[in-house]
Every structure is written in C-alpha cells, then in structure tokens.
Amino acid sequence: MRGLGKSVAGAVAALSIALASPAMAQDDTAAASQWITLGTKGGPLSDANRSQPANVLIAQDGTWLVDIGDGTAQQLAKAGVPLGAIDAVFISHLHFDHTAGLVGLLGLRWQTDVSSDLTIYGPPGTRAMVDGLLAAMLPTTQSGYGVPGAPVRPPETGIKVVELRDNAALSIGDARVTARKNSHYSFAPGSADDANYESLSFRFDLPDRDIVYSGDTGPSAAVTDLARGADLLVVEMIDVDRTIADIRRLSPNVPAQAFANLETHLREHHLTPGDVGELASDAEVGAVVVTHLSGPDADGANLLGYVGAIAQHYTGPVVIADDLERF
C-alpha cells in the first residue's frame, strides 16, 4: 500500500495476511477465476496513485470488464490483459468515473483492428451513451486514420449493447449474471427519474465461486439479498468526512444548498466502513475486497481504522485493495 510508514504498513500487511482466505490467496490453490482491481480510486477526481474505478473478471467463459473508468486501457496493459481478450463490459451506472474509459477502449479496438465481438451491458441509457461515443469516433474512423488507401471499418463492428434493469439475469456459458438496482441515486421513489435511471450491482455465479460487485450504492436490502452467501464481495467505500473536507478545499464556491444536497447524497447513497461491515455480515459473505475508495489522502492509520470499523460488524477476511491486485 502506497504512502504508509514502515510500522503501519507492516501492521496492515500482517492484518491482510492474517485475514486472507483460500479464495483470496494467490497460490496453487487459488480459484480458477481471477478478479483484478484495475482502478481503485473513488471518483470523480484524478489521483496520482490510484486509477479510476475499473475491474476485470477472468472467468472460464470469458474475460469481462466490470466498470470502465478513465485509464482502463492503460491498466489492462499493466495487468497483461490484451484488448482483444475482452468479451464484455458490465457498467454499474453512467457516472463518468465509471464510464470514461469506454471511448478509449472502443477507439483502441478500432485502431488496432480488434474486430472480435464485444457486448456492453449496462443500465438504461447505456445504448444512447455508446451510440454517442461511436458517432464521436466517425471523424477519425471515416478517414482511415489518415492513411491513404487504408480500409475503413465502421467503429460499431462487433459491438452489441444490452440494457439491464433490476432483477435482470443472463447466462454466459456456465456463468450466470444477476443485476439488482441499488440505492446510489437520490431520486424520489416512484418519480420519473427513479424509473428512468438505475444504478446496478452485479452477481457473477461462476463454476468455481460466486462474486458480487457493487460500485456506488448506499445501504440497500436489494444488494444484501444479491450478496447472500457469496464467496467474495467487492464493494465501494467512502470516508465521508475526509471527502467533504476535500470538496470544500477544491470547490470553495459551491452554493450552500447545493453543498448540503451533496453532503446528504454522500452520507446516504454511499457505504461507510460500518455500512460495509453490516452488509458483509448480513449477507454472510466469505470475504470482502474494498475498492472505489473515497478517502482523500488517507494514510496507514486511516486504513487500519477503516478495517477496524468493518470488523466491528464482520469478522471474515477483509482487504482494502490497491490497483492491479488479483483475488
């Protein structure tokens, strides 16, 4: 973990090792599937040490991106996963920190002549977003990238979009994927916006284990139900006080009411360490990987505090992930 003093780093490492489970170990007994945390920064601000939210799930039946924040293509290269290996993208919701890497992925696929099929799964609005990105690529793709005589391949070649809603389920080979609407959005229940926009959490039931992923969400009975008995829970976490202080520092002129609304959203529609512990305990999951960490300038002592707050509710294995770690 970057930026930790030696004593604190050692304590965190010892704690992580002590909590490690067979499903999280990287040895000969590790699960056949792999979950790689490409980017573990809570958006939307860029960070020198952590990339934007993105993950890759390498399974028996394919290799799938799960959220695709800015910098995903670069992180895939660091992880040794080629663009052509990606069969699908699962997008939890349409906030830019979870989607900004998609145009890079589509553009680089076209530029490097990757024409294999790619299915993009996401909530309502995903098709309009992808159509817009493909349209934005036309000035380059129609020119053959400026090379006279170069074949011009439509940017949409091989691209398929499937929009998902609450309780959607699909099978990919022997894997089953289930989506549930979570509580990240603040729209009034029953409103038109609540009906039109959904933030989704995903469960991947694989032949070797079950993995549940939630990007942004607040406490949610639907997510708890989705995660019930899963081997691994990969979940976001926020340090609200540090995040609010950082926003005040960077945006001192935000109107008072707008800031109050934002603070309410951060406190009610994200997960604190205690919320993560309660979710993991109630769902009786096997292990927890914390990602999408929103805790500006958190140091080793803060990280230990987060793990301790989770442990007040959940006694199973917990790791606060860094970029490019494998589980």
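Side notes on the structure shown:
- Pair list, Cβ under 9 Å, 6 or more apart: the stretch 119-138 residue over 25 Å from Lys181 (Cα atoms) and in contact (Cβ under 8 Å) with a residue 40 or more places away in the chain, other residue surrounded by 18 or more Cβ atoms within 10 Å (Cβ to Cβ) and of a type in the set (Lys, Arg): none
- Ala73 vs. criteria in contact (Cβ under 8 Å) with a residue 12 or more places away in the chain, surrounded by 24 or more Cβ atoms within 10 Å (Cβ to Cβ) and among the small types (Gly, Ala, Ser): no
- Residue match in the stretch 265-274 (condition: surrounded by 19 or more Cβ atoms within 10 Å (Cβ to Cβ), under 22 Å from Asp97 (Cβ atoms) and of a type in the set (S, T, N, Q)): yes
- Flag for Thr140 being at pLDDT below 95 and of a type outside the set (Gly, Ala, Ser): yes
- Residue check, Ala188 more than 25 Å from Ile86 (Cβ to Cβ) and out of contact with any Cys (no Cβ under 6 Å at 6 or more places or on another chain): yes
- Boolean, Ser220 is under 30 Å from Asp275 (Cα atoms), surrounded by 14 or more Cβ atoms within 10 Å (Cβ to Cβ) and in contact (Cβ under 8 Å) with a residue 60 or more places away in the chain: no
- Tally, over the stretch 249-262, of residues that are part of a helix (DSSP H, G or I) and either over 22 Å from the mean Cα position of the chain (by Cα) or in contact (Cβ under 8 Å) with a residue 40 or more places away in the chain (or both): 8
- Top-ranked residue in the stretch 191-208 [being over 26 Å from Lys41 (Cβ atoms) and either in a loop (DSSP other than H, G, I, E, B) or in contact (Cβ under 8 Å) with a residue 40 or more places away in the chain (or both); ranked as nearest to the chain's Cα centre (by Cα)]: Leu206
- Every pair of residues 6+ apart whose Cβ atoms lie under 9 Å, when the first sits in the stretch 274-286 and is at positive phi while the second is of a type outside the set (Val, Ile, Thr) and buried (at least 20 other Cβ atoms within 10 Å of the Cβ): Glu284/Ala227; Glu284/Ala230
- Residue count for the stretch 282-307 satisfying the condition of being part of a helix (DSSP H, G or I), under 26 Å from Arg249 (Cβ atoms) and not aliphatic (A, V, I, L, M): 4.
- Hey, Val162 in contact (Cβ under 8 Å) with a residue 40 or more places away in the chain, among the hydrophobic types (A, V, I, L, M, F, W, C) and over 13 Å from Phe204 (Cβ atoms) or not: yes
- When Val161, Val147 are screened for being touching a strand residue (DSSP E or B) at 6+ places or on another chain (Cβ under 7 Å) and either more than 30 Å from Asp275 (Cα to Cα) or surrounded by fewer than 18 Cβ atoms within 10 Å (Cβ to Cβ) (or both), only Val161 passes.
- Helices (runs of 4 or more DSSP H) (entirely within the stretch 74-167) containing at least 3 residues that are β-branched (Val, Ile, Thr) and out of contact with any Pro (no Cβ under 6 Å at 6 or more places or on another chain): 126-141
- Exactly one residue out of Ala128, Ala188 is touching an Asp or Glu at 6+ places or on another chain (Cβ under 7 Å) and exposed (fewer than 13 other Cβ atoms within 10 Å of the Cβ): that is Ala188.
The values are calculated or read from the model by the stated rules, or taken from the named source; none is laboratory data. In this text, all values refer to a predicted model and were calculated from it rather than measured experimentally. Note: ideal-geometry Cβ built from the backbone for every residue, glycine included; neighbour counts use all protein chains shown.
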